[in-house]
1. Looking at residue 126, is it touching a strand residue (DSSP E or B) at 6+ places or on another chain (Cβ under 9 Å), within 19 Å of residue 54 (Cα to Cα) and either touching a residue at least 40 places away in the same chain (Cβ under 8 Å) or surrounded by fewer than 11 Cβ atoms within 10 Å (Cβ to Cβ) (or both)?
2. Here is a list of conditions, (1) surrounded by 11 or more Cβ atoms within 10 Å (Cβ to Cβ); (2) closer than 24 Å to residue 15 by Cα; (3) touching a residue at least 40 places away in the same chain (Cβ under 8 Å), and residue 46 meets all of them except one; can you say which number that is?
3. Which one is nearest to residue 67 (Cα to Cα) among residues in segment 111-130 that are at pLDDT 95 or above and assigned to a loop (DSSP other than H, G, I, E, B)?
4. So residue 76 ticks every box in (1) touching a strand residue (DSSP E or B) at 6+ places or on another chain (Cβ under 8 Å); (2) under 23 Å from residue 110 (Cβ atoms) but one. Which box is left unticked?
5. For segment 17-37, give me each residue that is surrounded by 15 or more Cβ atoms within 10 Å (Cβ to Cβ) and either within 17 Å of residue 82 (Cβ to Cβ) or modelled with pLDDT of 90 or more (or both).
């Protein structure tokens with residue numbers, strides 16, 4: 001296994017968890033820039049099953065005033081938990097740095113007329129890793 005693959009599988013998850021904790025504990029004062037300088041936001045949702053408050057640090061791209069996030073779960077065929085939370089309750093809040101504000105989530109699916117353009121934006125932002 002190449003070293004980069006080993007690092008991605010064995011080291012990166014721990015680093016990302018640590019980043020998530022720091023971003024949440026500092027309410028966005030530390031952590032707006034993630035690894036490799038990618039912008040990162042905190043998504044605040046309510047658990048679809050539990051009703052508990054949840055926060056997740058995610059990289060994002062911008063399209064005008066819109067924040068774009070991808071429910072990729074690092075290539076896993078299953079959607080991440082926060083995606084299910086958004087489907088159940090799309091009225092959420094985000095932190096971008098220390099600023100916290102309300103947003104309404106809207107999924108963009110492959111049959112959406114804007115899908116290709118928005119996918120290009122998020123993929124370019126993430127160095128074509130999606």
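The values are calculated or read from the model by the stated rules, or taken from the named source; none is laboratory data. On a predicted model such as this, the values are computed, not experimentally measured, just so you know. In this analysis, Cβ positions are derived from the backbone assuming ideal geometry, glycine residues included, and neighbour counts consider all displayed protein chains.
1. Taking the combined requirement at face value, the residue does not satisfy it.
2. Only one criterion is unmet by residue 46, namely (2).
3. Looking at residues that are at pLDDT 95 or above and assigned to a loop (DSSP other than H, G, I, E, B), I get 114.
4. Residue 76 satisfies all of (1) touching a strand residue (DSSP E or B) at 6+ places or on another chain (Cβ under 8 Å); (2) under 23 Å from residue 110 (Cβ atoms) except (1).
5. Scanning segment 17-37 gives 19, 20, 23, 24, 28, 31, 34.
One line per residue, one yes/no per condition, for (1) in contact with a strand residue (DSSP E or B) (Cβ under 7 Å, 6 or more places away or on another chain); (2) touching a residue at least 60 places away in the same chain (Cβ under 8 Å); (3) surrounded by fewer than 16 Cβ atoms within 10 Å (Cβ to Cβ); (4) more than 24 Å from residue 52 (Cα to Cα):
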{"site": "83", "(1), (2), (3), (4)": "no, no, no, no"}
{"site": "88", "(1), (2), (3), (4)": "no, no, yes, no"}
{"site": "96", "(1), (2), (3), (4)": "yes, yes, no, no"}
{"site": "116", "(1), (2), (3), (4)": "no, no, yes, yes"}
